[in-house]
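Just so it is clear, none of the values below were taken in a lab; they were calculated from the coordinates. Worth saying up front: this structure is predicted, and the values here are computed from it rather than measured. Cβ coordinates were reconstructed from backbone atoms using ideal geometry, including for glycine residues, and neighbour counts include every protein chain displayed.
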Amino acid sequence: MKVCVFSTQKYDEQAFKQWSDPAIDWVFLSQKLDLVSAHGATGADAVCVFVNDQLDAPVLQRLKELGVRFIALRCAGFNNVDIPTATQLGLSVVRVPAYSPQAVAEHSVGLMLCLDRKFHKAYNRTRDNNFDLNGLLGFNLHGKTVGIIGTGRIGVAAVKILLGFGCRVLCVDPIKNPQMINMGASYVSLDELYPQADIISLYCPLTPDSRHLINAQSLEKMKDGVMLINTSRGALVDTKAVIKALKSAKIGYLGLDVYEQEADLFFKDLSDQIIADEVFQRLLTFPNVLITGHQAFFTAEAMAQISRITSDNLLQLQRGEPCPNVVG
Ligand code: NAI
């Protein structure tokens, strides 16, 4: 089976070579999948794509014409794939629903701790022989109220960590997980969560309903100086509204691993280029904003799981066996 891997990074190639099934012939392309680059999949049975590859109707149509039968997402989210069109075209779509929820949960809590205790500033100060503590005052996580939006795999992993810190955890999810309640977290409505939470962290998928869930109106309902963490998908947050809230100090801390327009930025070294995205550039000017470039998933354990599950998914499709990770 020939599989064309789009948006390949060096670490993807290493992981697939080390952990996937040798029955698969991987062809690695660095380009992002779009209508222009789709021709790279000529002769392939499948394409393997990541979060910022574009799989809208014209691209799917093109892949179908090229003879592609399977689409393997090497990630959990599938908001970048037009699933109804894929189904209509008979293209099977598979994903990796869970490779390491702990990887993302731990990263999100890492962002909380770093913003709170200002590790990023301390790191630079001590390297400059500056041991002054002024400006580094943090707060205890113990006793703080954390609002969790989305209590699926990653949300649950984050709640376990936060309960360990002694936080009070309020959750919002249309599906209530009894495990959360047994552990001591409670389910509330968004309107109850916003005014109570010192920290709000997003663990829900991006859907038409959740797009810009965090907007001017929801920000208005939050505590002054709230910490907002987003490791899920950029478009859950209206970035312009967030910038206004940072300027008015409504948001006291912002930790992002994802960004609405990240497709033009993340996973590339742009250090010698001028970034044209003024919204992103503005975000970077705030001292209380910490951004990582969609790296929450990026642990050795997660990469091994992604490679193994992606190759298992594809081989199951090829053999016509039922695959539990089919989307749509
Ligand atoms: P999951 O499917 O296990 O859980 C998602 C939960 O969100 C479900 O319980 C669902 O009922 C809930 N939900 C759906 N819409 C909601 C809404 N409007 N409000 C509140 N809850 C809602 O997903 P998992 O594995 O926990 O992943 C969550 C998200 O994390 C993914 O959709 C993906 O976007 C993101 N992610 C980010 C990564 C990164 O590297 N930054 C890596 C992997 C996932």
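Figures for the structure shown
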{"item": "Neighbour-count order for Thr126, Thr145, fewest beta carbons within 10 angstrom listed first", "result": "Thr126, Thr145"}
{"item": "Kirkwood-based Rg to Rh ratio, the range 173-250, C-alpha trace", "result": "0.97"}
{"item": "Check: the chain dipole with +1 on Lys, Arg Cβ and -1 on Asp, Glu Cβ, in debye", "result": "580 debye"}
{"item": "Share antiparallel - DSSP beta bridges, the chain, percent rounded to 5", "result": "5 percent"}
{"item": "Descending semi-axes in whole angstrom, ellipsoid equivalent of the chain, from the Cα gyration tensor", "result": "36, 22, 19"}
{"item": "Per-residue Cβ neighbour rank within 10 angstrom, fewest leading, Cys75, Cys4", "result": "Cys75, Cys4"}
{"item": "Charge sum, other residues only, whose C-beta stays under 10 Å from Leu162's C-beta, Lys/Arg counted +1 and Asp/Glu -1", "result": "+3"}
{"item": "Percent of C-alpha pairs per 5 Å bin, the range 284-328, short to long", "result": "5, 17, 16, 14, 13, 10, 8, 7, 5, 3, 1"}
{"item": "Given Lys32/Lys244; Lys118/Lys223; Lys121/Lys244, the pairs whose alpha carbons are separated by over 27 Å", "result": "Lys32/Lys244"}
{"item": "Neighbour-count order for Tyr11, Tyr187, Tyr253, fewest beta carbons within 10 angstrom listed first", "result": "Tyr11, Tyr187, Tyr253"}
{"item": "Arg211 versus Ser189: modelled label distance in nm, points set 7 Å from Cα along the beta carbon direction", "result": "2.5 nm"}
{"item": "Calculated over the range 71-204: convex hull of Cα atoms, volume per residue (Å³)", "result": "149 Å³"}
{"item": "Share of alpha-carbon pairs per 10 Å distance bin for the range 101-291, given as whole %", "result": "9, 36, 37, 16, 3, 0"}
{"item": "Peptides ranked, highest mean first, by Cβ atoms within 10 Å: ranges 298-309, 16-27", "result": "298-309, 16-27"}
